Amino acid sequence: MTSSPPRPPRDPAADDARFLRDFETMSSFGATPSGGVDRQAASEADNAQRRWFAGLLEENGLRVVYDRVGNQFGLLERVPGAPYVVVGSHMDSQPTAGRYDGAYGVLAAAHAVFRIAAEDGAEAPPVHNLAVVNWFNEEGSRFTPSMMGSAVYTGKLPLETALAASDSSGTTVAEALAPTGFLGDGDGPEAVLCAEIHIEQGRLLENSGTTIGLVGASWAASKYEITVHGEQAHSGATAMEDRRDALVGASMLVVAARELADRFPGVLHTAVGRLDVYPNSPVVVPSRATLLLDLRSPDEAVLAEADELLLAEVARVEAAANVTVERTLSHSWGVNPYQPEGVELARASAERLGLRSGEIMTVAGHDSINMKERVPTVMLFVPSAGGVSHNEGEYTEDADLLAGLEVLTDVTRRLGAG
Ligand code: HGY
Ligand code: MN
Ligand code: MN
Ligand code: MN
C-alpha cells in the first residue's frame with residue numbers, strides 16, 4: 001500500500017498570507033462605498049458569499065452540509081462516527097456594517113481547521129471530528145430574533161417559528177432560503193464542544209493593550225418589541241387636546257429608556273435601534289409606532305429593576321399621550337458564564353503563543369451564548385480599534401487577526417484531541 005506522499009511542512013507566512021487574501025475576497029461581498037459591507041441574512045450578497053465559502057471549504061477537503069434553518073457547515077471527518085468540535089461564527093451583517101463582525105470568526109475557523117487538517121501526525125491523535133460553521137442570521141437585522149440559526153440548532157427557538165419569521169416586505173425566512181439551496185433536511189453535525197472567535201466590538205482590549213480576550217461570561221440582555229397605539233388624525237386641523245399621537249408616546253419612551261441608563265451608570269446599556277411609524281405620512285397624526293428596545297446589564301438584578309422601572313414609564317406615557325402601549329419580550333439571555341475549563345485552556349494557548357490575554361465579559365450577543373448552554377464552549381475576542389462596530393469604520397489590525405487565528409487553531413486542535 002503506497003503511503004501518501006509526505007506533506008510539505010506548514011509555511012506559517014504563506015498560511016497567514018492565504019488567510020488575509022481570503023479575508024479580502026470575503027470583504028468584497030456586499031461591499032459598500034465607505035469600506036463596510038451590507039450582507040443581511042439571505043440577501044443576494046449573503047448568498048453569494050456563502051457560495052464562495054462553500055467552494056473554499058470543499059477545495060480544502062471539507063464536506064459542506066446545511067441544516068433545516070440554513071446553518072452552513074464544513075465537515076472534517078477524521079474519526080468515523082465521532083461527534084464534532086463546532087467552530088465558527090456568522091457571516092450575515094447589519095445593513096451598513098463593518099467587514100469583521102462575525103465574518104472574521106467564520107474565516108478564522110475555516111483556516112484553523114485547514115491548518116489542523118494539513119498537520120502531519122497532529123500533537124495528539126484526534127478523538128473528535130471538526131466542523132466549521134457559518135450560523136444563519138445572527139444579526140437579526142432582516143429577520144428577528146437575532147442569533148436565529150444557533151437558537152434553532154440548540155433547541156432554544158422552534159424551527160417553525162424561525163422559518164415563519166418575516167422581513168419588512170413580508171418575505172419569510174423559508175421563502176428567502178427556498179431558492180438558495182441552503183435549506184438542508186438534517187440537524188447538522190452533533191456538537192460535543194464549540195469555539196467562536198469574534199472582534200470585541202468594545203474598547204477594553206485596546207485600552208489595556210491585550211491581544212486575546214478570554215470571554216468568561218456575557219452581559220444579560222432583554223430585547224422588547226413595544227407598540228404604541230394612538231389614533232390617526234389630520235396633523236393640522238385636529239385640536240391638540242383631541243389627539244392620540246402614537247409617535248409622541250414612542251418618543252417619550254425612547255427618552256425614558258436613555259434616562260434609565262443614566263440611573264445605573266456603567267451597569268445598564270439601553271438603546272432603541274428601530275422605530276417604525278404608521279402611516280408615516282407628513283399630514284397624518286400617527287396611529288401606531290413600533291420600537292425595538294434593547295436593555296443590557298452585567299447584573300441580572302439591575303436588568304430586572306430596569307424592567308420594572310420601564311413598566312412604570314409605560315403607564316406614565318399612556319396617561320400623558322393618551323395612547324395604549326403593548327410590550328412583548330422578543331429575545332433575552334442571562335449572564336450565565338462560559339465553562340471555566342475552556343477559559344483556562346484558551347489562556348494556556350495564548351501563553352504558549354506568547355500573547356497577552358485577559359478575561360473579559362461580552363456585551364454583544366453571539367452564537368456561542370446559545371451554544372454554551374448545550375456544550376462546553378470557548379469564546380475568544382480580538383481587539384476592535386476604538387471599540388467601533390456595527391459601523392463601516394470597524395477595524396482590527398492584521399496582526400491581531402492572525403494572532404487570534406493562531407490561538408483558535410491551538411484551542412481547536414486541543415478540543416479535537418479530546
Ligand atoms: O444582539 C447582539 O448583540 C448581536 O450583535 N446580534
Ligand atoms: Mn457578531
Ligand atoms: Mn453584530
Ligand atoms: Mn456572534
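The values are calculated or read from the model by the stated rules, or taken from the named source; none is laboratory data. Everything quoted here is computed from the prediction, not taken from an experiment. Reconstructed Cβ throughout: ideal geometry from the backbone, glycine too, with neighbour counts over all protein chains shown.
Points worth noting:
- Scanning the range 270-306 for residues that are farther than 26 Å from Gly236 by Cβ and surrounded by fewer than 16 Cβ atoms within 10 Å (Cβ to Cβ) turns up Ala271, Gly273, Arg274, Asp299, Glu300, Ala301, Ala304.
- Annotation: Thr144 fulfils all but one of (1) surrounded by 21 or more Cβ atoms within 10 Å (Cβ to Cβ); (2) within 16 Å of ligand 3 (Cβ to nearest atom); (3) under 16 Å from Asn370 (Cβ atoms); the unmet one is (1).
- Boolean, Ser93 is surrounded by 24 or more Cβ atoms within 10 Å (Cβ to Cβ) and more than 27 Å from Asp11 (Cα to Cα): yes
Residue-by-condition table, conditions (1) among the hydrophobic types (A, V, I, L, M, F, W, C); (2) over 19 Å from Ala108 (Cα atoms):
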| residue | (1), (2) |
| --- | --- |
| Val335 | yes, yes |
| Gly342 | no, no |
| Glu359 | no, yes |
| Val363 | yes, yes |
| Val388 | yes, yes |
| Glu394 | no, no |
| Glu397 | no, no |
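- Any chance Glu196 is acidic (Asp, Glu), in a helix (DSSP H, G or I) and on the phi < 0 side of the Ramachandran plot: no
- Residue within the range 397-410 that is away from ligand 3 (no atom under 16 Å from the Cβ), of a type outside the set (S, T, N, Q) and within 13 Å of Cys194 (Cα to Cα) present: yes
- Members of the range 72-97 that are within 16 Å of ligand 3 (Cβ to nearest atom), in contact with a helix residue (DSSP H, G or I) (Cβ under 8 Å, 6 or more places away or on another chain) and either of a type outside the set (A, V, I, L, M) or within 14 Å of Leu130 (Cα to Cα) (or both): Gly88, Ser89, His90, Asp92, Ser93
- Of Val272, Val302, Val267, all but one fail to be assigned to a helix (DSSP H, G or I), β-branched (Val, Ile, Thr) and closer than 22 Å to Ser222 by Cβ; the exception is Val302.
- The range 15-71: number of residues that are touching a helix residue (DSSP H, G or I) at 6+ places or on another chain (Cβ under 8 Å) and polar (S, T, N, Q): 7
- Residue match in the range 380-388 (condition: away from ligand 2 (no atom under 16 Å from the Cβ), in the same structural domain as His128 (by TED's automatic domain parsing) and in a loop (DSSP other than H, G, I, E, B)): no
- In the range 318-337 there is at least one residue that is surrounded by 23 or more Cβ atoms within 10 Å (Cβ to Cβ) and not assigned by TED's automatic domain parsing to the domain that holds Pro158.
- Considering residues of the range 199-222 that are touching a His at 6+ places or on another chain (Cβ under 8 Å) and not in a strand (DSSP E or B) only, the residue surrounded by the fewest Cβ atoms within 10 Å (Cβ to Cβ): Gln201
- Considering the conditions (1) assigned to a loop (DSSP other than H, G, I, E, B); (2) among the charged types (D, E, K, R); (3) within 21 Å of the chain's Cα centre (by Cα), Asp22 is excluded by exactly one of them, (1).
- Leading residue by the ranking (farthest from ligand 3 (Cβ to nearest atom)) among those in the range 338-358 that are touching a residue at least 24 places away in the same chain (Cβ under 8 Å) and surrounded by fewer than 15 Cβ atoms within 10 Å (Cβ to Cβ): Arg352
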